[in-house]
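Asker: Shown below is the structure under consideration.
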Amino acid sequence: MKGSVTLVLLLFVTFNVHADSVCDKASREFSDAVEVYKKEGGKAFMKRILKNGPLENDTRSLSQSQSLGQIEDFFGPIESASILSTKVLGKKSCYIIGILEYENGPAFAVANYYSGAKGVGATSMFFQTEPEQILPKEFLVQ
């Protein structure tokens, strides 16, 4: 019985270490993409977000940079960004909610990163300017 408990505990710790590393890597990828965004613009940001993922060269996914252009038209240039939340989904996925802070207002980004054969890359990404469209009500109101 003691051996079974030890094995279960070891598997639990191993899973959590692996799961944490997926979100750690995804968070670094997101932060690196934001730095690219600040220097090179929305198109470069989307290329960096999708790097290593299955949508890396997908023109429809890359066209989301147009959404960022529209946000910039209203809010001005990007100034900073933060990760608000990360959530492990399974063994190889990490769901990230981030805030992109522009000169005159925020936008919210949601990305799902997956640890695949080429590394950690986004499998989906979208943006909203209204936090209630993305964030849980409990996150916004206490």
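Asker: Restricting to region 82-95, and then to whatever is polar (S, T, N, Q) and touching a residue at least 60 places away in the same chain (Cβ under 8 Å), can you tell me which residue is farthest from Leu55 (Cα to Cα)?
Answerer: This residue is Thr86.
Asker: Please work out which residue is surrounded by the most Cβ atoms within 10 Å (Cβ to Cβ), limiting yourself to region 108-142 and to residues that are among the aromatic types (Phe, Trp, Tyr) and closer than 12 Å to Cys94 by Cα.
Answerer: Per the criteria, the residue is Tyr113.
Asker: Given the criterion out of contact with any Ser or Thr (no Cβ under 6 Å at 6 or more places or on another chain) and at pLDDT 95 or above, identify the matching residue among Asp58, Asp24.
Answerer: The match here is Asp24.
Asker: Restricting attention to region 124-136, which residues are among the polar types (S, T, N, Q) and under 10 Å from the mean Cα position of the chain (by Cα)?
Answerer: Ser124 - this is the single residue of region 124-136 that is among the polar types (S, T, N, Q) and under 10 Å from the mean Cα position of the chain (by Cα).
Asker: What tally of residues in region 106-142 results from selecting those that are more than 22 Å from Asn52 (Cα to Cα) and of a type outside the set (Val, Ile, Thr)?
Answerer: 15
Asker: So if I check each of Glu103, Glu79, which one is exposed (fewer than 12 other Cβ atoms within 10 Å of the Cβ) and either modelled with pLDDT of 95 or more or under 21 Å from Lys51 (Cβ atoms) (or both)?
Answerer: Glu103
Asker: Right, something else. Scan (1) within 11 Å of the chain's Cα centre (by Cα); (2) farther than 16 Å from Ser67 by Cβ; (3) not basic (Lys, Arg) for the single condition Ala109 breaks and write down its number.
Answerer: (2) is the only condition that Ala109 fails.
Asker: Just to be sure, is Gly98 free of Cβ contacts under 8 Å to residues at least 40 places away in the same chain and within 15 Å of Cys23 (Cα to Cα)?
Answerer: No, not satisfied.
The values are calculated or read from the model by the stated rules, or taken from the named source; none is laboratory data. Keep in mind it's a predicted model, so treat the numbers as computed, not measured. Counting neighbours? That spans all protein chains shown, and the Cβs are built from the backbone with ideal geometry, glycine included.
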